[in-house]
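Below you'll find the structure, written out as structure tokens, and then a few comments.
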Amino acid sequence: PQIDPVTIDPSRQSAFAAEILAMDFEPIEPSFVEADKDYRRITFADGVELFYAPNPLNDLFSLSISIDVGTEENDKLSLAAALMDVAGTDSLSNEALQKEWYRLGSSFNFGASENASGFSLSGLDEQFEASLELMMSAIKQPSTDSETLEQLKSILIKSRQDMKSSPPAIARALNLYNRYGEESPMLESLTTEEIRATQLDELLSLPGALLDYEHTLAYTGSLPLEQLVEVLRRHHPLAGDLKQPPAYRFRTVREISANEVYVVDQQTAQAQVRIEFADGEYNADDRVPASVYTSYFGSGMSSVVFQELREARALAYSASARYGQGSRLKDQNLMLGAIGTQTDKTADALDAFIDLIDNMPESEERFEETVTALLNRYRTSKLSFREVISAVRGWEKLGFKGDPRAESYARLQTLQFSDLLAFQREHVKNRPKLISIVGDLSIIDKTELERFGSVKEVAIDDLFVD
């Protein structure tokens, strides 16, 4: 049946809401991270930086070793990380190793992503040295047998086959294929034959070899910095020159001149629709307007997208959008929109979503509420001591020498509604869009989709590596 849109007046308030909002309160001043107070940074060795943040609450610690070497450099690192979960050391079986971690009250993990790998350790500071010694043994002398590796290979191959029948996995693979084409990460992962041909020795040698590269140590805990350095030097001695990490790989979104619609025919209860496009490289000047735009337009239940698509028009089970800035200098920005909709409403939902993106509803009152909410987030969302180091390292990748939020907080207070409208016009409005749809084509009319751009039906096998 035809559903008439509900007219929503966001300016209306109940008497109770008005009473609450009129209450007096003491304003909270924001708190920002300060070097040498909230954290310290020293050179541990040539090519090795050490970040230190004190834990003022208890004697729990966390330690990480981060290396800018990932699967782009060696695509078997992810397989080595999986093997480490079931491996032991040269003197402990995996079962005995797990018992030792339990006895120490510590946990250890190894993971690898496209451009980085990392080891993490956490536990009690009174067991820090023993835990560190055990971690180094696990990294440098991992041990298991070929039977364990073969079992792991079977599990990984089966899980990859299962992804081809999983709607969320298919939707993610389609999004990446539409975004990057043949350079989709899903198509660049290890093939089944490469997994089967992998030998035990080459995997066991990979974790320890990572420590031959320049890396970063990060510790949060109650040990004094001087004591920490002494313990680290005993169990993580470094001799000789360390290797330079490889260049960071920046993935580039496909360039298009008009909308393109990629569709996977899949019998699902609802259609999953994704709209996205790239928008140049990261620019620090856009930090504040980008965050305001995302909050105003697509993030949360008070945003334009949620209110219009779900609440007013009943076109969505879920709906959101965001303008995602690059995570480091030279990284691309990406505008993203996602909607889960009833399959027979796919064309209507897509039409409404594209119209909202290109012709954003303008409300000064919503803008003021958005700015107020963001200012309050700065005031009340103090970084915990456990979050400080990762935040600082993230800011450094974006070129900041210190906490950039102080400047952002000040700029937010002077931002005008016209600045938001200008950002939308310059960075979002009328851009060619990559549209990805996973849904039942016996219900979705392909000819209806053609009014949004050229339509290409994609086979599931084209999304995943064999």
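The values are calculated or read from the model by the stated rules, or taken from the named source; none is laboratory data. The structure displayed is predicted, hence computed values, not measured ones. Cβ sites come from the backbone with ideal geometry, for glycine too, and all protein chains shown count toward neighbours.
Those residues that are modelled with pLDDT of 80 or more and hydroxyl-bearing (S, T, Y), I need them from region 1-50; list them, please.
Those that are modelled with pLDDT of 80 or more and hydroxyl-bearing (S, T, Y): S14, S31, Y39, T43.
Look through V69, V86 and report the one residue that is surrounded by 18 or more Cβ atoms within 10 Å (Cβ to Cβ) and at pLDDT 95 or above.
V69
Are any residues in region 426-466 polar (S, T, N, Q) and closer than 30 Å to I195 by Cβ, and if so, which ones?
Within region 426-466, just S436 meets the criteria.
Here's the yes/no breakdown for (1) out of contact with any helix residue (DSSP H, G or I) (no Cβ under 6 Å at 6 or more places or on another chain); (2) surrounded by fewer than 17 Cβ atoms within 10 Å (Cβ to Cβ); (3) acidic (D, E):
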| residue | (1), (2), (3) |
| --- | --- |
| E255 | yes, yes, yes |
| A258 | yes, yes, no |
| A271 | no, no, no |
| N283 | yes, yes, no |
| V288 | no, no, no |
| S291 | yes, no, no |
| S299 | yes, no, no |
| Q307 | yes, no, no |
| R310 | yes, no, no |
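Being within 21 Å of E260 (Cβ to Cβ), among the charged types (D, E, K, R) and in contact (Cβ under 8 Å) with a residue 24 or more places away in the chain narrows it down to one of E311, E276, E281, so name that one.
Details: E311 fails: within 21 Å of E260 (Cβ to Cβ); E281 fails: within 21 Å of E260 (Cβ to Cβ).
Every option except E276 fails the conditions.
What about R431, is it in the same structural domain as L350 (by TED's automatic domain parsing), in contact (Cβ under 8 Å) with a residue 40 or more places away in the chain, basic (K, R) and within 25 Å of R379 (Cα to Cα)? Steps first, please.
Working: in the same structural domain as L350 (by TED's automatic domain parsing): yes; in contact (Cβ under 8 Å) with a residue 40 or more places away in the chain: yes; basic (K, R): yes; within 25 Å of R379 (Cα to Cα): no.
For R431, the condition - in the same structural domain as L350 (by TED's automatic domain parsing), in contact (Cβ under 8 Å) with a residue 40 or more places away in the chain, basic (K, R) and within 25 Å of R379 (Cα to Cα) - is not met.
Out of everything in region 97-123 that is closer than 17 Å to K140 by Cα and among the aliphatic types (A, V, I, L, M), what residue ends up being surrounded by the most Cβ atoms within 10 Å (Cβ to Cβ)?
Per the criteria, the residue is A112.
Exactly one condition in (1) more than 19 Å from G298 (Cβ to Cβ); (2) among the polar types (S, T, N, Q); (3) surrounded by 14 or more Cβ atoms within 10 Å (Cβ to Cβ) is false for T370; which is it?
(1)
Anything in region 157-186 that is in a helix (DSSP H, G or I) and either over 23 Å from the mean Cα position of the chain (by Cα) or assigned by TED's automatic domain parsing to the domain that holds Q332 (or both)? List them, or say none. Reasoning before the result, please.
Narrowing region 157-186 to residues in a helix (DSSP H, G or I): 157-163, 167-183, 185-186.
Selection gives I157, K158, Q161, D162.
Given the options Q332, Q267, Q342, name the one that is within 30 Å of E49 (Cβ to Cβ), out of contact with any Leu (no Cβ under 6 Å at 6 or more places or on another chain) and either surrounded by fewer than 20 Cβ atoms within 10 Å (Cβ to Cβ) or of a type in the set (A, V, I, L, M) (or both). Give the steps one after another, and end with the answer.
Numbers: Q267 fails: within 30 Å of E49 (Cβ to Cβ); Q342 fails: within 30 Å of E49 (Cβ to Cβ).
The match here is Q332.
Could you tell me whether K401 is of a type in the set (D, E, K, R) and surrounded by fewer than 14 Cβ atoms within 10 Å (Cβ to Cβ)?
When the stated conditions are applied, K401 passes them.
Being within 16 Å of V465 (Cβ to Cβ), surrounded by 12 or more Cβ atoms within 10 Å (Cβ to Cβ) and either polar (S, T, N, Q) or touching a residue at least 60 places away in the same chain (Cβ under 8 Å) (or both) is the filter here, so list the residues in region 154-168 that pass it.
Correct list: L156, R160, M163, K164, S166.
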